[in-house]
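Read-outs throughout are calculated quantities, based only on the coordinates presented, and are distinct from any laboratory measurement. Remember, it's a predicted structure, so these values are computed and weren't measured experimentally. Here the Cβ is made from the backbone with ideal geometry for all residues, glycine too, and neighbour counts use every protein chain on show.
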Amino acid sequence: MTEFNEALCCCAKHEEETNQLVNHLLGDIQLLASEVVLLRYAVSWSLPKHEGETVRGEILSDLYGSYYTYPAYQRFISVYYDGEDPMEDKAFIEHLIKLSKGEVSAALRQLTF
């Protein structure tokens with residue numbers, strides 16, 4: 001019985017460490033998505049008018065993949081985010097929309113150069 005309990009404890013610790021890593025990686029993905037939007041916006045103004053308008057119209061497309069179909073991700077968000085996908089969080093989406101319009105948004109950390 002003692003071995004089983006130790007293994008269970010080890011598995012729980014491993015899962016917690018994995019969840020912490022996934023949480024950190026999600027923050028990085030959100031940061032990078034924000035930077036992509038900022039760069040797309042900036043570049044769009046240096047393009048010919050029609051191309052710039054097209055880029056601005058699609059500025060929020062294909063920023064990151066969907067992770068919800070992965071069982072491990074579903075377990076993660078059930079533990080850390082009460083079942084709500086942080087990539088679909090209202091504050092995060094509003095942050096991206098502001099950036100896509102050239103507005104300042106301090107909702108998330110940003111890279112500094």
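Within the range 33-51, the set of residues being surrounded by fewer than 16 Cβ atoms within 10 Å (Cβ to Cβ), in a helix (DSSP H, G or I) and without any contact (Cβ under 8 Å) to a residue 24 or more places away in the chain comprises Leu39, Ala42, Val43, Lys49, His50, Glu51. Within the range 24-61, the set of residues being over 13 Å from Met87 (Cα atoms) and among the charged types (D, E, K, R) comprises Glu35, Arg40, Lys49, Glu51, Glu53, Arg56, Glu58.
The set of residues in the range 43-87 that are acidic (Asp, Glu) and within 19 Å of Ile97 (Cβ to Cβ) comprises Glu53, Glu58, Asp62, Glu84, Asp85. Applying the condition of being under 23 Å from Glu17 (Cβ atoms) and among the hydrophobic types (A, V, I, L, M, F, W, C) to the range 37-77 and asking which residue is farthest from the chain's Cα centre (by Cα) yields Ala72. Within the range 52-69, being free of Cβ contacts under 8 Å to residues at least 24 places away in the same chain and not polar (S, T, N, Q) holds for Gly52, Glu53, Val55, Gly57, Glu58, Asp62, Gly65, Tyr67, Tyr68.
With the requirement that a residue be part of a loop (DSSP other than H, G, I, E, B) and farther than 15 Å from Tyr64 by Cβ, what does the range 87-104 give you? Before the answer, list the steps.
As a first pass, look at the range 87-104 and keep what is part of a loop (DSSP other than H, G, I, E, B): 89, 101-104.
Once the filter is applied, which keeps residues that are part of a loop (DSSP other than H, G, I, E, B) and farther than 15 Å from Tyr64 by Cβ, the range 87-104 yields Lys101, Gly102, Glu103, Val104.
If the condition is being assigned to a helix (DSSP H, G or I) and within 25 Å of Ser105 (Cβ to Cβ), then the range 52-86 contributes Gly52, Glu53, Thr54, Val55, Arg56, Gly57, Ile77, Tyr80, Pro86.
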